[in-house]
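Everything below concerns the one structure shown next.
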């Protein structure tokens, strides 16, 4: 939804193709392209012989078959989930049924905050509410397999249960949808929280991994600098909203003024992202509104 960063949109990868993207890490693209998923969801196979599958992707028989074909002759011990949006976790039951692997993740899907009275969650259809991990993973936990180890890095914001995973000794991090190479992440209340998202970015800024393997799009090859760019983008977007409130007071007017030339299919997502920013600004006392922040609310500078 943005042209504020230098994204790499030349991701010429065919669904079902197995690529080794780092030593001991293979990537397979799911066939689910969309304005929200770019060319599709990236699933990763970690290790050799006895492996983990990270983010098995959507409930798509062709993608499940491609993953199982890629690990033929090997065994799958772990299925690891970064978060429970429907393009990342619903293939887990089919993989588990075929392999007997255990699932690992932060926890079931949940909103970042309680719903307000009368509020309807517009994102229910995008959530995999059926997923419950066999093993709940907390920040700093280690997930170990044969010849590999992952450190869990809690990164809420895009989703309340979002977890990144750093591969020990490899200088790389599986960043899920928190940091991507092709676009900035959507943060949409009540599933997402801009305050949490910015705090998680600042947390990643304190880490040293140089390579990020995201849930969508190409690898990020200079991650520390890129995370700083992401933070600068968020500050710029916040500043644009504050400037916009000098002449507008509703989210539709702010979206029209900020997202010039936006694909009509992304207007809803942009509106929710502006709402997330406004929630964060209201919480910090920089913006005022009557009642709780909402899509149809009116806003003014404090």
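FYI, it's all coordinate maths here, none of it is from the lab. The structure displayed is predicted, hence computed values, not measured ones. Note that we place each Cβ from the backbone using ideal geometry, even for glycine, and neighbour counts take in every protein chain shown.
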**OP:** Kindly put 301, 54 in sequence by how many other C-beta atoms sit within 10 Å of each C-beta, fewest to most.
**Re:** 301, 54
Subject >> Crossing angle, helix 61-70 versus the chain [Cα axis fit, 0-90 degrees, rounded to tens] >> reply: 50 degrees
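So how do 193, 294 line up by other beta-carbon neighbours within 10 Å, fewest first? Before the final figure, lay out the partial values.
Numbers: 193 25, 294 17.
Ascending number of Cβ neighbours within 10 Å: 294, 193.
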**OP:** Give the Debye-formula value of log10 I(q)/I(0) at each listed q (0.10 Å⁻¹), with one equal scatterer per alpha carbon of the chain, two decimals each.
**Re:** -0.53
Original post:
In whole percent, what relative contact order does the chain give with Cα contacts below 8 Å and a gap of six or more residues?
Top reply: 14 percent
Original post:
Taking the alpha-carbon set of segment 242-301, what are its Rg and Dmax in Å?
Top reply: 10.9, 32
Original post:
So what's the gap between the Cα centers of segment 145-169 and segment 66-114, to the nearest angstrom?
Top reply: 14 Å
**OP:** For each of 234, 300, 243, count neighbouring Cβ atoms within 10 Å of the residue's Cβ, then give the residues from fewest to most.
**Re:** 300, 243, 234
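Taking the DSSP beta bridges in the chain as the whole, what percent of them are antiparallel, to the nearest 5? Mind showing how you got there, number by number?
Working: 30 of 44 bridges.
Approximately 70 percent, going by the DSSP bridge assignments.
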Original post:
For helix 267-283, what angle does its Cα long axis make with the longest principal axis of the chain, in degrees from 0 to 90 and rounded to 10?
Top reply: 70 degrees
**OP:** Report, in degrees rounded to the nearest 10, the 0 to 90 angle that the Cα long axis of helix 223-244 makes with the longest principal axis of the chain.
**Re:** 20 degrees
**OP:** Sum -39500 (n - 2.57) across every DSSP H segment of at least 4 residues in the chain, then divide by the residue count to get the 222 nm mean residue ellipticity, nearest 500.
**Re:** -8000 deg cm²/dmol
